Amino acid sequence: MIQRQVATLQERFRGCLVGSMIGDVIGAVVEAESPEYIAHTYRSIDEILTAQSVPEFTGPAWQVGRFTDDTQMMICVAEWLLDGEPRSPERLLARFADACEPWRRYGPGTEAILRLYPEHKAEWRQLATAMFPYGSYGNGSAMRVSPIGLACYSDAKTAASIAVDSSRPTHSHPLACQGAVLQSLAVAIAAGTASGEFAPGAFLQPFRASLTYFSDLMQDTSKFVRALDAIEQGLEHGTSCRQMSSVLGTGLAACEAVPTAVYCFLRHPDSFARVVHEAVFVGGDTDTIACMAGAISGALLGAAAIPEHWRRAVREEEYSVDAIEKLADRLFEKYAGAR
Ligand SMILES: [Mg+2]
């Protein structure tokens, strides 16, 4: 258990959304690379951020400082939460479709759903299974749920139910929904940790409890149960994030990326910079792992924990770091300001 300076709740809201964006921006530079390649090429995050651009498989080079689909969809979720009722999954899908800029590296399944939606609005429920018969089990819904964890920071049950609603339009597979629920819970618990005391057990127990909701629905939760067991053992033995990532996985599946992001955070709960460093250097789906780990760490430590020169590395106009902070402030006003 560690003692630390406690950030205000408003600072934590900012830290979460900005932390999520910064993780995405940094992780995007080395997305899909192996940990060996990343360690061989760069010594630090600062070195990664000195690059101006990196080649893409197709199309123009990736400009360092831009965010990917993770942040674009996270903004949609935040605005959906700020919008009036009814808060329907279809209205979220409409926001995703409207905002989508495919060059931000959308997965082909999600990109197809968002492209088809305007012409097939009446069949929006079927679109999620048009590409994959049981729906996608990717991490594409977990990566965008942080605003839900903030809005429901004091109500884990509501966070879980809204996270499932937010997953369904594009990621309807039970494993994607389970991953989205765990990530939203991680943010909710981090933001709601009221005292200066933090213990990893405070996270793992509610995670396990949330999985019983899915097993009661006869869903297979064994992948996440095994991951939580491994996380607990890893923390007990002080296993490094890199070693643990080879057990948990760093791929596109929610059951790999979410546990790895959670482990990076739990292993270094007192340092945002260390969490994002570890999440990027494990390789694989680095933008999403760092985005999720950064969101949890920022929600615990607050925006002041994010290195200033990393914030300055973001090169976005409409959704600058300041704009994301304002978005966090609006969420705070609506969901926590009156308390
Ligand atoms: Mg991405």
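Please treat every number below as a calculation from the coordinates, not as lab data. Everything numeric here is computed off the predicted structure, so don't read it as measured data. So basically every Cβ, Gly included, is an ideal-geometry build from the backbone, and we count neighbours across all protein chains shown.
Per-residue Karplus couplings for region 211-226, computed as 6.51 cos²θ - 1.76 cosθ + 1.60 with θ equal to phi - 60°, are listed in order as 5, 5, 4, 6, 5, 5, 8, 6, 7, 7, 10, 4, 4, 6, 4, 5 Hz, Gly and Pro entered as x.
For region 2-335, the extents of the C-alpha atoms along the principal axes are 51, 47, 39 Å, listed from largest to smallest. Annotation: lysines with alpha-carbon distance below 24 angstrom to residue 121 (same-chain offsets under eight excluded): none found. In the calculated pair distance distribution of region 254-318, what percentage of Cα-Cα distances lie above 14 Å? Result: 53 percent of Cα pairs exceed 14 Å. Straight Cα distances below 30 angstrom link residue 326 to the lysines 157, 334, with same-chain residues fewer than 8 positions distant left out. Proximity of backbone amide H atoms, modeled 1.01 Å from N, is registered between residue 138 and 254 at under 5 Å, excluding neighbours fewer than 5 places apart on the same chain. With contacts taken as Cα pairs under 8 Å and at least 6 residues apart, the chain reaches a relative contact order of 32 percent. Note on residue 125 and residue 270: the model spin-label points, each 7 Å out from Cα along the C-beta direction, lie 5.1 nm apart. Proximity of backbone amide H atoms, modeled 1.01 Å from N, is registered between residue 198 and 2 at under 5 Å, excluding neighbours fewer than 5 places apart on the same chain.
A DSSP coil position with no more than 10 other Cβ atoms inside 10 Å describes none of the GluC sites (Glu not before Pro) in region 1-76. What aspartates and glutamates could a cross-link reach from residue 223, if we take a straight Cα to Cα line under 19 Å and drop same-chain neighbours fewer than 8 places away? Within the straight-line cut-off, residue 223 pairs with 232, 256, 285. Region 31-104 and region 253-330 have Cα centres lying 12 Å from one another. Evaluating 6.51 cos²θ - 1.76 cosθ + 1.60 at θ = phi - 60° for every residue in region 247-262, the Karplus couplings come out as 8, 7, x, 10, x, 6, 5, 4, 6, 9, 5, 5, x, 5, 4, 4 Hz, glycine and proline recorded as x. By the beta-carbon count within 10 Å of each Cβ, the least crowded to most crowded order of 127, 93, fewest first, is 127, 93.
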